[in-house]
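Below is one structure, written out as structure tokens, with a few remarks after it.
What follows is calculated from the coordinates using simple rules that are stated; it is not laboratory data. Given the structure is predicted, the values throughout are model-derived calculations rather than measurements. Here the Cβ is made from the backbone with ideal geometry for all residues, glycine too, and neighbour counts use every protein chain on show.
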Amino acid sequence: MNQKLILILILAFSFIATSLVAQKKPDFSIRIDSLLQVLDKNNKAMASVTITKNGITEYSNAIGFIDNSGASPVNSTPETRYRIGSISKMFTSVMILQLVEEKKLSLDTPLSDFFKKIPNAKSITIADLLNHHSGLFNFTNSEDYPKWMTEPMSRKQLLDLFESQEPVFAPGTKGEYSNTNFVLLGFIIEDVTGKSYQENLSTRITSRVGIKNTMYGGKINHAFNEASSFENENGKWVMLPETDMSIPHGAGAVISTTPDLALFITALFDGKLINENTLKSMTTMKDNFGLGVFKIPFYDRTAFGHNGGIDGFSSSLAYFPQDKVAIAFCSNGMNYPMNDILIGLLSCYFDKPYKIPDFKTVSIDAEKLTAYEGEYTSEQLPLVITVKQEGGKLTAQATGQPSFPLDAVSETEFRFDQAGIVMIFNVQDNGNVDGFTLKQGRDFVYSKVVK
């Protein structure tokens, strides 16, 4: 739910394959193994991935560890439980839609039937909450959120918070992602049924599908193969604090495994959880939002699913109806863009052109690097980027943001893989540097400020 922002916030729910070099490989599992091994060896990710077709597992593997606080790390397995963040919204959406099928709710039911004090409650419908058209402020964007996210919060405290926050637009006028919507939907499930979210999750989904490692999360317990999350600092994985799971509720409190997630989404599209007409409504997009799902294009294919992020966890779940293929990815430590990893996994599986990254770097003399130092500006972005040489390495820092290290791939190309940033410097024949091109989703041209 809460993500670190470096330079530019890129909200991408599609896997865009770019700059892929063709190569011929036999078995997709060998290619995926090679990709995971490279990521593991270079401390780029700790993760689990499962791919199924027609509900049958075709690939499942894990890299990294769930805990490194003891004498030796406890390795991850395909059965490791991860916090799945906003993939939880798919579970919440399915349960709401089941209640609609049971005529205990309708998509037009106003929020005021449950929470009268929420701003614009009379004008916000269940459908508006499901497809992010409520206009309610996203409470995890609160400036002080990082200060209290690790402490328990009662339902009343959360509702008091939501009631105090000003709406950002009129209900139904546009779509804008908000975790507040799905916390409220989780509460509504409990109110309509008179049962807890966990009880509903168990009876309405996990017991029907036959999955046993999916549940409402609590404090992380390594003894039950539950992973902590980590941040990579100078090549070492450092354990991160835990969000208290009373806070994300129906927006992000579910924990699961990649095999469970693949079975869940397959069962959903096989009609085992909601009927065909309801599924059609769920996957109909309005301003690029479905009812708890997103459309995910990959080459000539289209999948449906959701991404998730909470603490240092990142996850993705997608289903390709035309192929009956599900892919589930859960990570508890990322030092490389998840989107790039997913491109690699899907390219390997669907036999698309793809070159496995090698992450090789070069060493450049500190004296040479001083030519790169300075302030750089762009007409395309309002951010000033300051480049410095520290201990024989370059660092970059955008206005109002923390600095980050740059790895040299060549004398002109530098990378910060964790945020998917590439900087191509203009190095002149005399060694002077007059600018660079920043690549992160698109290209931004920067020029050095002459003083």
Ellipsoid equivalent to the chain - semi-axes via the Cα gyration tensor, in Å:
38, 26, 21
Which residues' amide hydrogens lie under 5 Å from the amide hydrogen of ASP244, considering only partners 5 or more residues apart or on another chain, with H built in the peptide plane?
THR150, GLU151
Any idea what the relative contact order of the chain is, in percent, if you count C-alpha pairs under 8 Å spaced at least 6 apart?
21 percent
Cα-Cα longer than 28 Å, checked against LYS89/LYS280; LYS147/LYS439; LYS147/LYS236; LYS44/LYS448; LYS44/LYS174; LYS272/LYS295, kept in input order, equals LYS147/LYS439; LYS44/LYS448; LYS44/LYS174
Give me the net charge of ASN234's neighbourhood, meaning all other residues with Cβ under 15 Å from the Cβ of ASN234; Lys, Arg count +1, Asp, Glu -1.
-2
To the nearest 500 deg cm²/dmol, what mean residue ellipticity at 222 nm is calculated for the chain from DSSP H runs of n ≥ 4 alone, each contributing -39,500 (n - 2.57), summed and divided by the residues?
-6500 deg cm²/dmol
Quick one: if you stick a label point 7 Å off each Cα along the C-beta vector at LYS156 and LYS104, how many nm between them?
2.5 nm
Go ahead and run the numbers for FRET between VAL168 and ASN277, Cβ-Cβ distance against an R0 of 25 Å, rounding to 0.05.
0.20
Taking just the C-alpha trace of region 330-451, give me its Rg and Dmax in Å.
15.8, 52
Environment charge at ILE124 (Cβ cut-off 15 Å; Lys +1, Arg +1, Asp -1, Glu -1)
-1
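So what's region 263-365 giving for Rg/Rh, alpha carbon basis, Kirkwood Rh from the mean inverse pair distance?
Reported Rg/Rh (Cα atoms, Kirkwood Rh): 1.06.
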For the chain, with only Lys/Arg (+1) and Asp/Glu (-1) charged at the beta-carbon, what is the dipole magnitude about the Cα centre, in debye rounded to 20?
920 debye
Which one of GLY55, ILE87, SER246 is farthest out on the positive end of the charge dipole of the chain, using unit charges on Cβ (Lys, Arg +1; Asp, Glu -1) and the Cα centre as origin?
GLY55
Binned Cα-Cα distances of region 41-173, short to long, each 5 Å bin given as a whole percent
2, 8, 11, 14, 15, 12, 10, 11, 10, 5, 1, 0
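What is the projected area of the convex hull of the Cα atoms of region 231-305, averaged over all directions, in nm²?
8.3 nm²
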Order of SER60, SER48 under a 10 Å beta carbon neighbour criterion, fewest first:
SER60, SER48
Region 402-451: Rg to Rh, with Rh as the Kirkwood radius over Cα pairs:
0.98
Within a Cβ distance under 10 Å of GLY374, other residues only, what is the Lys/Arg minus Asp/Glu net charge?
0
Just want to confirm a number: the relative contact order over region 269-313, from Cα pairs under 8 angstrom separated by 6+ residues, in percent.
21 percent
Sort 325-333, 73-81 by packing, meaning the average of other beta carbons within 10 Å per residue, with the highest value first.
325-333, 73-81
With a ≥ b ≥ c the root eigenvalues of the C-alpha gyration tensor of region 240-281, is it rounded (a/c under 1.5), prolate (a/b larger than b/c) or oblate?
oblate
So, with +1 on the Cβ of K and R and -1 on the Cβ of D and E, and no other charges, what is the size of the charge dipole of region 366-448 about its Cα centre, to the nearest 20 debye?
200 debye
Return the FRET efficiency for the residue pair ASP33, THR412: r is the Cβ-Cβ distance, R0 is 51 Å, and the value is rounded to the nearest 0.05.
0.95
